[in-house]
Structures are given as C-alpha cells and as structure tokens.
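Student: Take this structure first; my questions come after.
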Amino acid sequence: MPINPITQFSISNLGKNVQTTSKYRNYCCFDEGKIEKIVCEREQALPYLENTLKTTNDIRTILDVLYILNRMLDIKVKGIDKLYPTLSRFNNSDSPDIQVFLSGIYRRILVPDAFGPLNKMLIKQILHPNSPYFDPTEEIGGAILEYIKNYASQKIYK
C-alpha cells in the first residue's frame with residue numbers, strides 16, 4: 001500500500017522547525033502535527049524514514065526521524081529493529097541529542113549489535129561530557145541496563 005501524499009510531503013520536509021536543546025530548554029521540540037501524520041502511516045513509512053537516514057547529514061532531520069521512530073515504538077510498530085544497520089551509522093555521533101534518541105530506540109529494540117556502541121557512547125560521555133544542558137549518560141546507561149536485564153532474564157528463565 002503506497003504512503004499518503006501528505007505524509008510523503010511531511011517526510012520530505014523533515015528537519016524543518018526542529019529545535020535542539022539549548023541553555024533555555026534541555027529537550028528538543030518537534031512539529032507534532034507533522035510527526036503524527038508520519039507515525040499514523042506505521043510500517044508503510046519505515047522505508048521512507050530509512051532512506052532519509054541513509055541520505056542525510058542534517059542533525060535536525062536525523063533528530064526528527066529518531067523521534068518519529070521512538071513514537072512508533074510507543075504504538076508497537078513492527079520492523080524498527082530491522083533498521084539497525086541504518087541507525088548504526090550514527091553510533092559514533094558526538095551529538096548528545098542523537099545519542100539520547102538512539103539509546104531510547106536501542107533500549108526498546110534490544111538488537112544485540114547495539115550493546116557495544118552503547119558502551120562506547122557511555123564511556124565517551126564520561127570521559128568527555130559534551131552537553132551543558134542535560135546528562136546523556138542517564139539514557140545511555142538506562143539502555144545498557146535494559147540489555148543486561150534482558151540478558152539476565154533469558155538466562156534465568158531458560
């Protein structure tokens with residue numbers, strides 16, 4: 001089933017109106033109307049979002065897509081774990097905003113390959129904190145703990 005043309009337009013305009021963290025706000029702001037249109041497309045929107053992540057280097061566009069994927073995880077959209085190879089492109093990002101959104105996604109999809117990059121992100125933040133507005137180690141550490149909890153529960157209940 002093809003994606004709605006209005007949603008296609010919204011996807012092509014990702015990154016517009018995104019406000020990153022600042023000294024006045026320790027969170028990002030997004031165009032919720034546009035986000036909702038894309039989230040409602042569920043699995044049909046994933047190829048378009050993946051293509052956007054593969055082709056952009058614009059931090060606001062990346063944050064928009066990561067936020068959309070987080071919102072899709074809230075409503076149990078299937079297949080987001082399959083995007084890990086594309087998401088992993090941002091594993092070495094120095095942006096604390098990207099690190100936090102990636103950690104939130106990884107915490108829920110629990111792709112084994114993301115465990116190492118999460119640890120690397122945490123070590124990088126501990127040794128060289130780069131966000132004066134919030135502490136990314138909270139989300140990164142929480143994702144790591146979720147991996148450990150999941151692994152431990154698999155061992156206990158097998």
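The values are calculated or read from the model by the stated rules, or taken from the named source; none is laboratory data. As the structure is a prediction and not an experimental result, all values here were calculated from the model. We place every Cβ from the backbone using ideal geometry, glycine too, and count neighbours over all the protein chains shown. Keep in mind that these areas ignore ligands, DNA and RNA; they rest on the heavy atoms of the full protein, side chains included. Shrake-Rupley method; radii C 1.70, N 1.55, O 1.52, S 1.80 Å.
Student: Those residues that are assigned to a helix (DSSP H, G or I) and either in contact with a strand residue (DSSP E or B) (Cβ under 9 Å, 6 or more places away or on another chain) or among the small types (G, A, S) (or both), I need them from the range 20-62; list them, please.
Tutor: At the first step, the residues of the range 20-62 found to be assigned to a helix (DSSP H, G or I) are 32-40, 42-55, 59-62.
Answer for the range 20-62, where residues must be assigned to a helix (DSSP H, G or I) and either in contact with a strand residue (DSSP E or B) (Cβ under 9 Å, 6 or more places away or on another chain) or among the small types (G, A, S) (or both): G33, A45, R60.
Student: In addition: For the range 57-108, what are the residues that are of a type in the set (K, R) and over 23 Å from S12 (Cβ atoms)?
Tutor: Applying the first criterion (of a type in the set (K, R)) to the range 57-108 yields 60, 71, 76, 78, 82, 89, 107-108.
Scanning the range 57-108 gives K76, K78, R107, R108.
Student: Anything in the range 131-146 that is assigned to a loop (DSSP other than H, G, I, E, B) and either surrounded by 21 or more Cβ atoms within 10 Å (Cβ to Cβ) or in contact (Cβ under 8 Å) with a residue 12 or more places away in the chain (or both)? List them, or say none. Please lay out each step first, then the result.
Tutor: Here is the first cut: in the range 131-146, the residues assigned to a loop (DSSP other than H, G, I, E, B) are 131-136.
Within the range 131-146, S131, P132, Y133, F134, P136 meet the criteria.
Student: Is there any pair with a first residue in the range 6-30 that is of a type in the set (G, A, S) and a second that is open to solvent by 40 Å² or more (accessible area, probe 1.4 Å) and modelled with pLDDT of 95 or more whose Cβ atoms are under 6 Å apart and which are 6 or more apart or on different chains, and what are they?
Tutor: Note: pairs meeting the criteria are G15/D58; G15/R60.
Student: Then there's this: Give the residue, chosen from D64, D97, that is acidic (D, E), crowded, with 19+ Cβ neighbours inside 10 Å, touching a residue at least 40 places away in the same chain (Cβ under 8 Å) and in contact with a helix residue (DSSP H, G or I) (Cβ under 7 Å, 6 or more places away or on another chain).
Tutor: On the way: D64 fails: in contact with a helix residue (DSSP H, G or I) (Cβ under 7 Å, 6 or more places away or on another chain).
The match here is D97.
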